């Protein structure tokens with residue numbers, strides 16, 4: 001097993017493009033979650049990946065598990081909770097502003113996880129455990145589970161990759177910083193956006209953010225800088241790769257998760273940091289070219305065709 005991801009996946013109800021949910025007569029159904037997005041991205045690129053989570057014994061949960069299984073993700077350890085519901089998210093598209101998001105995840109099946117819900121046995125022989133800062137915000141049990149599993153994974157020689165993924169609707173900046181500071185002691189690789197990096201460190205530049213984060217324990221820091229591309233910092237490397245120029249951006253949501261999947265895939269393939277950044281940027285760009293958080297994630301063949309059609313100046 002290459003990678004194990006752990007986190008909540010929500011059933012997603014999207015209003016039509018540029019139409020508020022309260023004015024729509026139709027909706028597009030899907031699901032969303034940083035960890036399941038990354039899992040699908042890795043599976044499509046040919047890696048073995050397991051998804052750890054909990055969903056309700058309801059149509060939403062069954063649809064999520066069925067689709068992930070169909071994408072080649074191992075769902076054998078997923079918990080189906082008959083006494084709780086699958087989390088749901090409404091995304092209201094608006095012509096005049098960013099999409100508005102409504103969460104219905106209080107008391108969800110995943111929020112009922114505890115520090116004992118998964119042990120290191122669920123990690124099997126995985127090389128990497130991927131987690132985000134969303135899961136510990138769901139409940140004290142989820143926070144305990146993430147902290148304990150990250151610590152145990154690292155003690156057993158597995159790499160722990162962490163995306164802070166701050167969500168203001170789930171917890172305060174103070175709570176986010178306190179839990180993240182604790183988690184960083186067990187993390188090998190941090191993949192953060194600029195805003196989250198600034199919130200955690202007070203740094204203004206990618207290099208400043210990376211240096212301050214690496215002082216706290218992680219060996220490598222990856223900065224996702226959107227239109228500015230990606231940055232990679234470790235003891236021996238300070239690399240940058242520009243983002244791809246796109247003629248049209250259909251839906252940018254999920255691009256960060258696509259970058260994570262691409263960068264991690266290239267790392268698992270033993271590629272150099274600049275090549276990892278290139279693949280991360282490419283996968284993130286391809287996500288932007290399709291509707292949905294994960295639908296645009298490419299296979300190896302699709303990724304190769306995308307890269308072959310780009311000139312060096314576009315990379």
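Read-outs: derived from the displayed coordinates by stated rules, not from any lab. From a predicted model like this one, the values you see are computed outputs, not experimental measurements. Neighbour counts are summed over all protein chains in view; Cβ atoms, including those assigned to glycine, are modelled from backbone coordinates with ideal geometry.
Pulled fully out, how much extra length does the chain show between residue 120 and residue 98, if you take 0.36 nm times their separation in residues and subtract their Cα-Cα distance?
Full-extension gain reported as 4.0 nm.
Using a Förster radius of 35 Å, what is the FRET efficiency between residue 304 and residue 249 based on their Cβ-Cβ separation? Nearest 0.05, please.
0.95
Take residue 29 and residue 80, extend 7 Å from each Cα along the Cα→Cβ direction, and tell me the distance between the two endpoints in nm.
Spacing of the two 7 Å Cα→Cβ label points: 1.7 nm.
Can you give me the orientation-averaged projected area of the convex hull built on the Cα atoms of region 147-219, in nm²?
4.6 nm²
Add -39500 (n - 2.57) for each DSSP H run of 4 or more in the chain, then divide by its residues: what number comes out at 222 nm, to the nearest 500 deg cm²/dmol?
One gets -10500 deg cm²/dmol as the mean residue ellipticity at 222 nm.
With no solvent and one equal point scatterer placed on each C-alpha of region 77-176, evaluate the Debye formula and give log10 I(q)/I(0) for q = 0.19 Å⁻¹, two decimals.
-1.03
In region 3-314, what % of DSSP beta bridges are antiparallel (nearest 5)?
Of those bridges, close to 45 percent are antiparallel.
Order these peptides, 95-102, 2-9, by their mean beta-carbon neighbour count within 10 angstrom, highest first.
In descending order of packing, they fall as 2-9, 95-102.
Using Cβ contacts closer than 10 Å as the measure, can you line up 142, 110 from fewest to most?
Ranking 142, 110 by Cβ neighbours within 10 Å, fewest first, gives 142, 110.
Fewest to most neighbouring Cβ within 10 Å: what's the order for 74, 125?
Listed from fewest to most nearby Cβ atoms, that is 125, 74.
In which sequence would 86, 267, 106 go, from the one with the fewest C-beta neighbours within 10 Å to the one with the most?
Lowest to highest Cβ neighbour count: 106, 267, 86.
Evaluate the relative contact order of the chain (contact order divided by residue number), counting alpha-carbon pairs under 8 angstrom at least 6 apart; express in whole percent.
Worked out over the chain, it gives 15 percent.
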